[in-house]
1. Relative to the longest principal Cα axis of the chain, at what angle does helix 105-120 sit, 0 to 90 degrees, rounded to 10?
2. Can you give me the angle between helix 171-191 and the longest principal axis of the chain, using Cα atoms only, in degrees from 0 to 90, rounded to the nearest 10?
3. Which chymotrypsin sites (Phe, Trp or Tyr not before Pro) in segment 144-194 sit in a loop by DSSP (not H, G, I, E or B) and have at most 12 other Cβ atoms within 10 Å of their own Cβ?
4. Rounded to the nearest 0.05, what FRET efficiency do LEU62 and ILE155 give with R0 = 25 Å and r taken as the Cβ-Cβ distance? Could you check?
5. Find the accessible area per residue for segment 84-181; the probe is 1.4 Å, ligands and nucleic acids are left out, and the unit is Å².
6. By how many nm would the segment from GLN92 to SER186 grow when fully extended, if each residue of separation counts as 0.36 nm and the alpha-carbon distance is taken off?
7. Return the Rg/Rh ratio of segment 124-194 with Cα-based radii and a Kirkwood Rh.
8. Can you compute log10 of I(q)/I(0) for segment 9-115 with the Debye formula, treating each Cα as one identical point scatterer, at q = 0.13 Å⁻¹?
Amino acid sequence: MNIAQLDYQWFQTINSFADRFSALNPIVAFFANNLDYVFYLGVIVYWFIRTPDNRKMVVNTLLSGGVALGVNNIIGVIYHRDRPFVAHHVIQLVQHDASASFPSNHAAAAFAVATSIWLWRRKEGSVWFVLAILIGFSRIWSGIHYPLDIIGGAISGTVIGIAVKKIMSQQVLKKVSDSVICFYESIEHKVWKP
């Protein structure tokens, strides 16, 4: 059995949960479609807690998520893999266009954010990793990604999160980031005093 066959076999097993545990389908569909909004909300909350560490963490997090999505789009253009519902009969809980399936944008962005937060705060980052795993698993269950799409997205998001943190710790980029934050805060403090 080759890796593509194994991937499809894993997909069939997980996607069959939609039939076997159908009472959970509304929750799974919600996770597949909407759990990423918790990540957006989390980043906003961290930003407006207004500590220097939070601001730096959010800048790293946004850069990591943006770079992860950019890299995924390049990979998707170079290597187009059809989504499971295009190539096979699946139980599809969430409507989706037939765009490139590999690697998963949702997984890449979620793992990039989770990694960025984890690098600053281990305990909180662990919770974000659990949410990222739920997003990935729900997208397989919902019939819109293969397991290797999720694994590929998770790897790219994690690696990019680590790389961005390392790159942003370089003296020049750290100064640029700090200057941008300082400029923003000078405007923010005129509108909303700390």
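The values are calculated or read from the model by the stated rules, or taken from the named source; none is laboratory data. Nothing here was measured: the structure is a model prediction, and the numbers come from that model. Neighbour counts run over all protein chains shown; Cβ positions are idealised from the backbone, glycine included. Just the protein is used for accessible areas: all its heavy atoms, side chains included, with ligands, DNA and RNA removed. Shrake-Rupley method; radii C 1.70, N 1.55, O 1.52, S 1.80 Å.
1. 40
2. Its long axis makes an angle of about 80 degrees.
3. Values: sites: PHE183, TYR184, TRP192; in loops: TRP192.
Filter output for segment 144-194: TRP192.
4. Working: r = 20 Å, r/R0 = 0.81.
The pair LEU62/ILE155 has a calculated efficiency of 0.80.
5. Numbers: 4520 Å² over 98 residues.
About 46 Å² of surface per residue is accessible.
6. Details: separation 94, 0.36 × 94 = 33.84 nm, distance 4.88 nm.
Roughly 29.0 nm would be gained on extension.
7. Working: Rg = 18.1 Å, Rh = 15.2 Å.
Ratio of gyration radius to Kirkwood radius for segment 124-194: 1.19.
8. For segment 9-115, the Cα-only Debye profile gives -0.62.
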